[in-house]
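**Student:** I'd like to ask some things about the structure below.
The values are calculated or read from the model by the stated rules, or taken from the named source; none is laboratory data. What you are looking at is a predicted structure, and each value in this text was computed from that prediction instead of being measured. Glycine gets a Cβ as well: all are built from the backbone with ideal geometry, and neighbour counts include every protein chain shown. Please note that ligands, DNA and RNA were not included when accessible areas were found on the heavy atoms of the full protein model with its side chains. Shrake-Rupley method; radii C 1.70, N 1.55, O 1.52, S 1.80 Å.
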Amino acid sequence: MTATAGAPAPSSTGSGSTPAGGDADDTGPISPARPLPPALPQNPSPSPEGSRPSRGAPVRLRALDGLRLLAALMVAAYHYGGRGGEISQAWGTSPREQFPTASTYFAYGCLGVQIFFVISGFVICMSGWGRPLRSFFASRVSRLYPAYWAAILIVTAVFALPWIAFKSVSPSDTLVNLTMLQQPIGADRVLGVCWTLWAELRFYALFALFVVLPGANRRRVILFCAVWTLGAALADAANQPFLELVLMPEYAPYFIGGMGLYLIHRYGHDALAWGIVGLSFLIGQHYAVAELWHAPNPSFFSYRSTLGIVAIVAFGYLAVALIALGKFQWANWRWLTLAGALTYPFYLVHEHLGWVVVELLHQKLGIPSYGTFALTILLMLFLAWLLYRFVEQRLTPVIKRSLTAVRVR
């Protein structure tokens with residue numbers, strides 16, 4: 001049994017998604033620096049000195065941070081109680097026996113994938129606006145890699161301990177994992193959830209090439225969304241592996257929908273932007289149902305209804321839309337910013353290290369199932385805080401400054 005055996009393959013949406021769509025600083029969920037139209041008035045919180053910033057000052061969309069954490073908790077619930085695999089070994093029995101009723105609902109937690117990708121489309125479109133390519137590249141690298149490297153090293157070290165039942169990947173493949181390119185190269189994954197990072201990297205590359213490099217504006221983003229939507233559909237119809245790899249038909253609708261929602265956030269109600277969002281939802285729910293629905297079968301871990309799948313995808317779109325329209329400006333609690341910052345490191349470490357913690361708490365210490373579930377979540381959040389405080393906050397600005405200062409001759 002390897003550390004990667006229990007994670008769904010990249011073609012599955014069942015493993016989770018990346019909350020790495022934004023920084024805690026200049027690429028996080030903050031509103032654009034330019035003033036919003038009257039339909040979307042800004043409501044900035046008071047500055048530390050008590051004065052209100054100017055109308056054009058950025059405003060943090062803290063509700064988006066909260067939604068990101070909610071999606072991460074959905075994914076964690078799926079990994080701990082909504083599927084089989086190594087987590088069954090950690091519990092000692094199938095999660096269906098540990099959570100006879102809740103496991104049915106936990107199985108829907110994998111749809112946090114779609115919510116993450118919609119958020120990512122929104123935030124990446126925002127973070128790339130008015131930013132040169134080098135700055136965009138520096139922000140993405142400095143945001144993704146520090147916590148990722150730390151998670152790779154921690155999971156590898158823990159799984160190498162002689163009393164841990166889960167086997168790590170080979171040293172050579174572990175080194176390849178540090179590049180975040182292990183999937184196209186064909187190496188085993190240290191982190192099962194990292195398949196979504198590969199999807200994110202491809203989205204970043206497309207967005208950087210066709211939007212950031214020529215300069216982001218409304219017309220260019222609309223054209224990019226339209227061409228990508230059509231290209232992804234044609235790639236699926238043509239059954240060409242290379243085109244499918246580049247254009248990601250099964251994931252593209254969510255990124256595109258997020259970009260459309262950012263246009264609405266920036267410019268107000270717009271028929272073209274709403275058309276992008278509506279079309280992306282219609283296509284996205286199709287792919288979600290196609291990949292996650294199956295006929296009732298007792299040999300499967302769980303059964304997800306078509307209505308349930310569509311409803312959760314719709315919830316993700318609706319939640320980001322309401323945030324984009326300013327309907328959650330009242331949710332301006334500062335703790336949500338920290339919650340958003342913890343989401344990415346939590347996502348990275350929660351699955352494989354969660355196996356170890358669940359086995360220790362439940363089988364070794366005899367803590368009941370729901371108590372083990374809650375304690376594991378809390379311990380993974382604490383570890384995420386440590387990574388955020390001592391890895392991300394220290395390395396991210398250093399890497400960003402270094403990459404921004406590099407001049408390509």
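**Student:** Which ³J(HN,Hα) values, rounded to whole Hz and listed in residue order, are derived for region 202-217 from phi using the Karplus coefficients 6.51, -1.76 and 1.60 in 6.51 cos²θ - 1.76 cosθ + 1.60 with θ = phi - 60°, glycine and proline given as x?
**Tutor:** Karplus values, whole Hz, x for Gly and Pro: 5, 5, 4, 5, 5, 5, 5, 6, 9, 10, 5, 4, x, x, 6, 8.
**Student:** Next up: If the reach is capped at under 29 angstrom between alpha carbons, list the lysines near Lys364, excluding any in the same chain fewer than eight residues apart.
**Tutor:** Lys167
**Student:** Let me ask another. Taking the highest mean first, how do the peptides 181-187, 285-291 order by number of other beta carbon atoms within 10 angstrom per residue?
**Tutor:** Details: 181-187: 15.0, 285-291: 17.7.
In descending order of packing, they fall as 285-291, 181-187.
**Student:** Could you give the size of the charge dipole of region 177-264 about its Cα centre, using +1 on the Cβ of each K and R and -1 on the Cβ of each D and E, expressed in debye and rounded to the nearest 20?
**Tutor:** 380
**Student:** Using +1 at the Cβ of each Lys and Arg and -1 at the Cβ of each Asp and Glu in region 265-409, identify which of Leu387, Thr376, Ala271 lies farthest towards the dipole's positive end.
**Tutor:** Leu387
**Student:** Could you work out what % of the accessible surface of region 222-369 is carbon and sulfur, using a 1.4 angstrom probe and leaving DNA, RNA and ligands out of the count?
**Tutor:** C and S atoms contribute 73 percent here.
**Student:** So, one more: Can you run the Rg to Rh ratio on region 187-235? Use alpha carbon positions and the Kirkwood inverse-distance Rh.
**Tutor:** Using only Cα positions, Rg/Rh for region 187-235 is 1.11.
**Student:** Along region 393-400, what does the Karplus equation 6.51 cos²θ - 1.76 cosθ + 1.60 (θ = phi - 60°) give for ³J(HN,Hα), rounded to whole Hz, x for Gly and Pro?
**Tutor:** These are the phi-based 3J(HN,Hα) values: 5, 8, 8, 4, x, 5, 5, 5 Hz.
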